[in-house]
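First up is the structure itself, then whatever we jot down about it.
Read the figures in this text as sums done on the coordinates, not as results from a lab. Not measured: the values here are computed from a predicted model. Here Cβ is always computed from backbone atoms with ideal geometry, including for glycine, and neighbour counts include all displayed protein chains.
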Amino acid sequence: MSELKILTKRAGLPDSVKIDTYLANDGYKALTKALKEMTPAQVRDEVLKSKLRGRGGAGFATGMKWDFASKNTTKPKFIVCNADEGEPGTFKDRVILKFDPHALLEGMAIAAFAVDADHGYIYIRGEYPEEAQILMDAVKEAEERGYLGKNILGSDLSFTITVHRGAGAYVCGEETALIESLEGSRGQSRIRPPFPVNSGYRKLPTVVNNVESLSCVPHIVLNGGAWFAGIGNPECPGPKLFSISGAVEKPGVYELPMGVPLRELIETAGGMKDGKDFKAAFPGGASSACMDASEIDTGLDFNSLAAIGTMLGSGAVMILDETADMVKAAYVLTRFFDHESCGKCTPCREGLTWVKQVMAGILEGKGTEEDLDLLLDICEQIQGASFCGLGDASVNCVTSTIRKFRGEYLNYINKEPRVRAASGEKS
Amino acid sequence: MSVQELFSDAELKSIQEIASRYEEPGSALMPLLHYVQQIRGYLGEDEMAFIADFLGITRVRAYEVATYYTLYYTKPRGRHTIQVCRNLSCTLAGAEGIVDFLKKELEIEVGGTTADGMFSLVEVECIGSCDKAPAIMIDGDHHGPVTPESLREILNTYRGKP
C-alpha cells in the first residue's frame, strides 16, 4: 500500500521546523480559516464529522471531547497536549515534534478556538530534550508572527503555549497522571469521573489531546470532516502514523490509512528482516495482546483489532520473527510494567511484582504447569481493579502469550533448568 | 546553607524566570528540578529544599517528586550518563549484549560510575528510539543502532566533551 503524505507532508522538507517553511506549505491556513470564516461550533462540528478518534491510545472521539469541554463555561480553560509518548514501541509523535512542530501548535490554537480555552501546555517526555527545544523555538516564532499570543490574527482569541518537560515516568502518558505531574506532583492517576474536561489542570476544565490527534485538526478544518472520514476504515477513519519496530527490514514511522492490514504494514517496512518468518506482533505497544500468524491480515484500526481481542493503542507495532522467545518477550514487558507501575493501586503494584517473579521462575526452569493457572489468576485480579487503563492493560502481554504460545511456556517448564533470565538485573 | 552559597545571582535569575512561566507555583517544580540538575549534575538536598521554599511548597514534596521520576538523580553521577534501553524492541535487537559490553568496557556495574568520574551507566525503559534498536541515550542525545564497535567510538567523543 502506498504511503500517505498528509501528516508527514512537511517532514522531509529542508528547515521544516521553521515557520517560513510551514507558511509556504499551507501552514496556519486552517487557523486563519477557522478564525475568519467559522464559528467555534462549526469547527467542532467538522471534527465530529471527521470521526477522528484520539491517537494516543484510548481512541476517544476528539469531537465529543471538545463538545463536552465547550459546554463547561468555567474559566480559565486549558488545552493540554499529551506529548509523553511512552508506550514501548511508540515513536510516531516524535516525527511531528521534531520535523513539523507548527502543525501541532496550529492544531492547539484551533482547539482553543473551538472550546474557548485560554492557555495551552505541551507535556513532552523528558527523553526528548531536543524536541522540547524545537517546540519552544516554534512557539516563540509563532508568537512573533501573531499566530499565538494576544488577539490572534486580529480575532478575540488570545492563546499561547508553555512547553513542559516530563522526567521519565510511563504512567504520565495517562491523562490524569499527566495532569498531576503538570501540577508538580508524583504522576499518579486520579479516579474518573470527574473527567479532565470538567476538572483537570488546577481543577479547571482541561482538554487533553495527543500530538497526532491535534496535528490532524488543521487538515480537517482545511479539507472538511467528510474528506477525513473518507480515508481508510469508514468506521474509524483517517490517516495514521504507525511506529513499526522489531524484526522488519526498515523499522520506522509510516503514514497509512486506518485499517491497513498488518501484512501490508510489514511489507511497507521492507518486509521481514533477513527473510525470516513472522511469528507474532504486539500491534499497540507493550499494553496490547499479541497477534499470531493467523491474524496477520487483520486491519490495523480500533475496531478490527478490538474484534480479535487486542487493540490499536498508539499504533506501536512490534514485530517478532520465528526466532523470538515469546516467554522472554512477555517477561521483558512485565518487567517494564512492574518498574513503571505508579504504585497507587495495590492490584497493579503488588500483582505485577508477583507476575514478574513467577515469570522469572519459569524462565529459570523452576516453573510448573500450575504456574500458568496462577499467572492467569493474578492477571485477572489486576485487570479492572486499577484507577487507570494502564494497570488494566499491563498483563495483556502475559495472558495473550499464554493463550497463543502455551507450548513455549511448557518448553521451559518441562526442560532442564536454564541459566538465563533475571540474573543481575535491578528491580 | 545560605542562598548565596547555593546559587549565583545569574542562576537565581534563571530560577525566577522559570517560576514566572506558571501561575500555579507547584507546576514550576519539575522545570526547576530539571534546571538545577542541569547546572549541578544532580539534585542535592539543600538545593531541593531551597526550590521548595522558593515555591512555597513542602520540602518533602520536592523530594518525593525528585525520587519518583527516572530522569532525576539525587546522588552525584559521572560527567556523562549512559542510558541503555532494555525494552522489547531493543532486547530483540540485542540490548543485553550492549549492557554486558559497557559493563566490561567501563569496568562498572549497572548503576555505577567509572573511577575517573566520566561515565555513569543505567538501564532504562523505552526511550522512543525503537526504530534504531538497540538504542541508548548519552545525556540528551539518542544513539542507535549501536554495536560494541560503534560504542567505542561514541564513548571516545564524549570523553572529549565537557
Compute the distance in nm between two label points, each set 7 Å from the Cα along the Cα-to-Cβ direction, one at A:LEU410 and one at A:GLU37. 6.4
Considering only Cα-Cα distances, which of the following residue pairs are longer than 23 Å: A:LYS5/A:LYS98; A:LYS276/A:LYS328; A:LYS98/B:LYS75; A:LYS51/A:LYS344? A:LYS98/B:LYS75; A:LYS51/A:LYS344
Any idea what angle helix B:148-159 forms with the longest principal axis of chain B, computed on alpha-carbon atoms, 0 to 90 degrees, nearest 10? 30
Relative contact order for chain A using alpha-carbon pairs under 8 Å, separation at least 6, rounded to a whole percent? 17
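Starting from the eigenvalues of the Cα gyration tensor, five times each then square-rooted, give me the equivalent ellipsoid semi-axes of the protein assembly as shown, largest first, whole Å.
Here the semi-axes work out to 36, 31, 23 Å.
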FRET efficiency for B:LYS75 and A:ARG403, using Cβ-Cβ distance with R0 set to 60 Å, rounded to 0.05: 0.90
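Given just the C-alpha atoms of the range B:80-159, how large is their convex hull per residue in cubic angstrom?
So the per-residue Cα hull volume is 73 Å³.
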How many partner chain Cβ atoms sit within 10 Å of a residue's Cβ in peptide B:127-138, on average, as a whole number? 6
What value, in deg cm²/dmol to 500, does the helix sum -39500 (n - 2.57) over DSSP H runs of n ≥ 4 give at 222 nm once divided by the residues of the protein assembly as shown? -13000 deg cm²/dmol
Which ³J(HN,Hα) values, rounded to whole Hz and listed in residue order, are derived for the range A:378-392 from phi using the Karplus coefficients 6.51, -1.76 and 1.60 in 6.51 cos²θ - 1.76 cosθ + 1.60 with θ = phi - 60°, glycine and proline given as x? 4, 4, 4, 6, 6, 5, x, 10, 10, 4, 10, x, 5, x, 4
Each label sits 7 Å from Cα toward the beta-carbon; between A:GLU322 and B:ASP53 the label points are separated, in nm, by 6.8
Helix B:29-40: angle to the longest alpha-carbon principal axis of chain B, degrees 0 to 90, nearest 10? 70
Residue farthest toward the positive end of the dipole of the protein assembly as shown, with Cβ of Lys/Arg at +1 and Asp/Glu at -1: which of A:LEU375, A:CYS236, A:VAL317? A:CYS236
With each label point set 7 Å from Cα along the Cα-Cβ vector, what nm distance links B:HIS143 and A:GLN381? 4.5
Within the range A:219-251: backbone nitrogen closer than 13 Å to the A:ASP274 label point (7 Å, Cα to C-beta): A:247-249
